[in-house]
Amino acid sequence: MDKRKQASEKVKDRLLSALIEFAGEKDWSKVTATELIKKAGVARASFYRNFKSVEEIMNYGLHRMSLRYHEGKTYQDEDFHSREMMLYKFRFYQENAKLVLAFHHARAAVTLLDVITDCEINALGDMPFNSISKYELYYFSGAFYNMMICWLEGGMKEDPEDMTDEFLRIANNNC
């Protein structure tokens with residue numbers, strides 16, 4: 001990667017880190033570019049060279065997390081009931097807890113749930129619009145999201161293996 005691209009990535013990451021620091025203290029829709037620039041310690045021109053708005057920084061963070069999710073995936077089985085798939089998810093979101101909780105506390109949870117659902121659609125393919133089975137994908141995405149948020153907010157006292165087993169136990173009893 002050339003030096004200009006590296007410098008641009010550093011600026012983007014600093015702005016994302018600054019935005020994450022606002023989580024819980026201020027609604028992200030009310031954070032201004034000026035506040036972010038000051039907190040990140042970057043030049044105003046650097047902000048506008050990389051982003052048009054604060055929302056674009058949110059999208060950048062979600063996009064980076066989604067890329068890392070897909071790049072780190074080693075399992076082939078795309079079944080919702082696969083232990084390997086669920087274990088990967090709990091481990092991944094544990095590693096990215098700070099970003100996930102920042103989105104949740106900033107009231108951007110719907111956006112994050114959309115990303116999680118889109119990860120499932122990318123992995124499994126979207127179900128035909130007229131298929132009743134399409135609801136299973138959304139059911140599992142929402143159930144996983146809510147359980148994962150509860151676990152992250154609770155300080156991740158259980159290990160990912162225990163969370164995987166519990167999620168699958170609940171899911172298998174409800175199907």
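A few points about this structure:
- Remark: spin-label model distance Arg83-Ser131 equals 2.7 nm, labels positioned 7 Å along the Cα→Cβ axis.
- With at most 16 neighbouring Cβ atoms within 10 Å, loop GluC sites (Glu not before Pro) (DSSP) excluded, longest segment of the chain: 79-157
- Computed helical MRE - 222 nm, the chain, DSSP H runs ≥ 4 contributing -39500 (n - 2.57), nearest 500: -23500 deg cm²/dmol
- Solvent-accessible surface (1.4 Å probe) assigned to Leu67 amounts to roughly 80 Å².
- Computed from the Cα positions only, the extents of the chain along the three principal axes stand at 54, 33, 31 Å, in decreasing order.
- Trypsin sites (Lys or Arg not before Pro), loop per DSSP, at most 14 other Cβ atoms within 10 Å - longest free stretch of the chain: 53-106
- For region 1-90, fraction of C-alpha pairs farther apart than 24 Å, in %: 36 percent
The values are calculated or read from the model by the stated rules, or taken from the named source; none is laboratory data. For clarity, every value in this text was computed on a predicted model and none was experimentally measured. Here Cβ is always computed from backbone atoms with ideal geometry, including for glycine, and neighbour counts include all displayed protein chains. Each accessible area value is taken on the protein alone, full model and side chains, heavy atoms only, with ligands, DNA and RNA left out. Shrake-Rupley method; radii C 1.70, N 1.55, O 1.52, S 1.80 Å.
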